[in-house]
Structures are given as C-alpha cells and as structure tokens.
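Each value in this text was obtained by applying a stated rule to the coordinates, not by laboratory testing. Keep in mind that what you see is a predicted model, and the values were worked out from it rather than measured. Cβ atoms come from the backbone with ideal geometry, glycine included; neighbour counts cover every protein chain shown.
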Amino acid sequence: MRTCLRVVLMAGIVLIAAVSLVIGVFQKGWAQSSVAEVTLVNIEFEGTKIWVPGPVVVHKGDTVRIKAINNVKSDPPVHGLAIEAYGIQSVVNVGKPEAIEFKADKAGIFPITCHLHPAHVGTQLVVLDR
C-alpha cells in the first residue's frame, strides 16, 4: 500500500512537471523578456521533505520571482532554498514566506535544493534559450 502511494505521488509530480513545462513554453511565447512568478512550497510526505510543485520553467532573460513557503510542521522549523548556479541561498521559516528574485541569464537545467538539509528532495530550474 505504501509503495503504491509513493508511485502515485511520483506520477503526480511528474505529471505536474510536464504540465508546468508545456504551460511555461506556451504562456511565455517568444517575447524577449518577461517576469516569471512562481510559488514553491516545502511539504513533508511520509517523513520526506520536498519542494513542490516541480520544475520552474522560464526563458533566458526573464526576471524570476519565487515565493518560497515552508509548510513543514515537524522540526526543524527552518529550511533552505538554494540555486547554486545563480548564487542564491535563502532561509525559509515556517509561517514566513521568502521572496527571491533574480535574472535568468544562463540557459540550462539547475538544481533547486535545501542547502541546510541536503537529503531533502529539491526540484529544478529549467531556463530555456530563446
């Protein structure tokens, strides 16, 4: 039962990632630069901390605004959100969302991690070339 639940969760995450990618590509069109706003929420599922909904998809040149929310109720009350390729390290406390803003100036796929707890499951920043 537990394995089935994990498979369903992972399938849901993959589906959300695919939909995010498709929506991101069509929503942005081919404009030279825009603002991409996204909310990432840190949750706990069966003892594993994870940032959802999944990959953040933007275009090179976009201004990226991430609202990071920590909804993990168990200890510790603080988690990190880091994008090493962009020099970003933010500490997100329970009940206090953090705003992160940067210019997506290089194309590629970059991990979004918890720099405070490396074992936690992160997500990805996908920066598409124009």
query = Of the beta bridges DSSP finds with both residues in the range 33-74, what % are antiparallel, to the nearest 5?
reply = 40
inquiry  = Let me check I've understood the local charge: for Glu98, count other residues with C-beta under 12 angstrom from its C-beta, Lys and Arg +1, Asp and Glu -1. What total comes out?
reply    = +2
task = Grab the other residues whose beta carbon is less than 14 angstrom from that of Ile66, score K and R as +1, D and E as -1, and report the net.
result = -1
task = Of the listed pairs Lys49/Lys103; Lys73/Lys96; Lys67/Lys103, which have alpha-carbon separations greater than 18 Å here?
result = Lys49/Lys103
